[in-house]
Amino acid sequence: MNDHRLDMPPARAYRRIATEEAYAPPELIQAYRRLIDGGHSDDPGFTSSWRYFLNNPSPRTQSIIAKLQDLGEGRLRDMDAAGIDMQLLSLASPGIQVFDAPTASSLAITFNDALAEHIARHPDRYAGLAAIAPHDPERAARELERAVRTLGLKGAIVNSHTHDSYLDDPRCWPIFEAAQALDVPIYLHPTSPSRGLIAPLLARGLDGAIFGFAVETGMHALALIVSGVFDRYPRLKLVLGHLGEGLPFWLSRLDFMYRAGAATGRYGSWAKLERKPSDYLRQNIFVTTSGMASAPVIAFCQAQLGADRVLYAMDYPFEYVADEVHETEATACSAQQMAQLFETNARSLFKL
């Protein structure tokens with residue numbers, strides 16, 4: 001019997017959940033323009049990046065700006081075309097962190113409320129991460145609690161440094177205390193390197209996603225590890241995009257060099273850790289693929305960190321490639337690992 005259905009691809013045993021997908025309300029875009037045009041930004045990376053996106057007339061940049069602001073039918077069509085069943089939404093970098101603390105804290109409430117309303121319109125397609133203002137840690141912790149308990153958001157997005165300050169400062173640790181108590185993750189997303197890091201990168205056009213983002217965010221994650229934050233909050237969960245910002249390739253060297261430095265007391269800023277640096281990367285940190293659709297590299301990270309630690313992300317709309325999921329599905333892993341990558345890890349981590 002000739003049945004044309006035999007030629008059809010097998011049905012997927014999992015849904016595809018993309019976990020680092022950006023949006024930017026029109027009000028945020030307008031606020032960025034006012035900040036830059038008025039000369040009020042002291043962040044050279046932010047100014048360089050967003051001046052380019054706001055003013056470059058190329059079809060690519062204009063398309064990205066339009067897609068960032070669309071949480072309606074256009075985004076859903078793009079998701080359908082790429083085979084994405086659900087997006088975990090978060091404010092595009094640097095989110096609200098480029099503003100002063102009172103402004104950022106107020107905007108966090110406004111944008112989190114609006115995001116929850118968008119999710120309620122499409123609850124089977126969208127979930128979201130809360131914006132918080134790390135430069136007011138106590139208020140940020142309260143907003144995270146409100147966003148999770150009242151709005152149903154799934155954790156928080158922090159776009160690395162905030163006015164050149166990093167989360168390894170114990171002053172920021174109420175945020176981690178709240179995240180651990182709520183059992184939700186903090187997504188440590190890149191932003192342009194801080195003023196102390198950016199100069200040689202910016203001069204060579206390497207400050208952004210091509211390399212500088214990984215330098216900035218990988219350093220930030222390591223700073224958290226050597227600060228002892230995961231010993232203080234052992235159930236804290238941190239998410240890194242772009243397959244861990246390079247850190248999975250450094251595990252043995254991180255352990256060796258930390259052990260050597262700790263033995264000699266070279267760095268007074270280092271905490272006396274209870275575990276090896278690689279242990280925290282394997283036990284407290286999750287990584288997403290976000291624009292790294294390389295089957296061998298995904299498989300490497302699954303082997304290094306554990307298949308339960310690697311999640312799929314597209315990095316929409318900055319790296320929207322409709323057939324990217326098929327490249328990712330070329331990963332030589334088992335059916336169970338593929339389901340973990342695309343669905344079950346995300347459901348477990350973000351409580352979807």
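So the values come out like this:
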{"item": "Top-ranked residue of the stretch 312-336 - restricted to ones that are among the hydroxyl-bearing types (S, T, Y) and open to solvent by less than 50 Å² (accessible area, probe 1.4 Å), ranked as farthest from D80 (Cα to Cα)", "result": "T331"}
{"item": "Residue, nearest to L88 (Cα to Cα), within the stretch 300-317, restricted to residues that are out of contact with any helix residue (DSSP H, G or I) (no Cβ under 6 Å at 6 or more places or on another chain) and either at pLDDT below 95 or of a type in the set (F, W, Y) (or both)", "result": "Y316"}
{"item": "Scope the stretch 228-242; condition in a helix (DSSP H, G or I) and under 12 Å from the mean Cα position of the chain (by Cα); matching residues", "result": "H242"}
{"item": "Flag for I225 being within 20 Å of F53 (Cα to Cα) and assigned to a helix (DSSP H, G or I)", "result": "no"}
{"item": "Filter result (touching a residue at least 60 places away in the same chain (Cβ under 8 Å) and more than 12 Å from Q302 (Cα to Cα)) within the stretch 327-343", "result": "A335, A339, F342, E343"}
{"item": "Per-region count, the stretch 84-135, residues assigned to a loop (DSSP other than H, G, I, E, B) and of a type in the set (K, R)", "result": "1"}
{"item": "Residues (among the small types (G, A, S) and either assigned to a helix (DSSP H, G or I) or open to solvent by less than 20 Å² (accessible area, probe 1.4 Å) (or both)) located in the stretch 292-305", "result": "A295, A299, A303"}
{"item": "The listed residue being touching a helix residue (DSSP H, G or I) at 6+ places or on another chain (Cβ under 9 Å) and closer than 24 Å to S348 by Cα, out of A181, A214, A199", "result": "A181"}
{"item": "Test: I186 is at negative phi and either among the aromatic types (F, W, Y) or touching a Phe, Trp or Tyr at 6+ places or on another chain (Cβ under 6 Å) (or both)", "result": "no"}
{"item": "Tally of residues being open to solvent by less than 90 Å² (accessible area, probe 1.4 Å) and part of a loop (DSSP other than H, G, I, E, B) across the stretch 21-59", "result": "9"}
{"item": "Candidate set from the stretch 243-288 (those that are assigned to a loop (DSSP other than H, G, I, E, B) and over 27 Å from the mean Cα position of the chain (by Cα)); member that is surrounded by the fewest Cβ atoms within 10 Å (Cβ to Cβ)", "result": "G268"}
{"item": "Within the stretch 138-182, considering residues that are of a type in the set (D, E), outside any helix (DSSP H, G or I) and open to solvent by less than 60 Å² (accessible area, probe 1.4 Å), the one nearest to A24 (Cα to Cα)", "result": "D164"}
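Residue by residue, here is whether (1) modelled with pLDDT of 95 or more; (2) open to solvent by less than 10 Å² (accessible area, probe 1.4 Å); (3) among the hydrophobic types (A, V, I, L, M, F, W, C) holds:
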site: I198; (1), (2), (3): yes, yes, yes
site: A203; (1), (2), (3): yes, no, yes
site: D207; (1), (2), (3): yes, no, no
site: A214; (1), (2), (3): yes, no, yes
site: H220; (1), (2), (3): yes, yes, no
site: V226; (1), (2), (3): yes, no, yes
site: V229; (1), (2), (3): yes, yes, yes
site: P234; (1), (2), (3): yes, no, no
site: L238; (1), (2), (3): yes, yes, yes
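The values are calculated or read from the model by the stated rules, or taken from the named source; none is laboratory data. No experiment lies behind these values; they were computed from the predicted model shown. Neighbour counts run over all protein chains shown; Cβ positions are idealised from the backbone, glycine included. Protein only, heavy atoms only, side chains kept; ligands, DNA and RNA dropped before computing areas. Shrake-Rupley method; radii C 1.70, N 1.55, O 1.52, S 1.80 Å.
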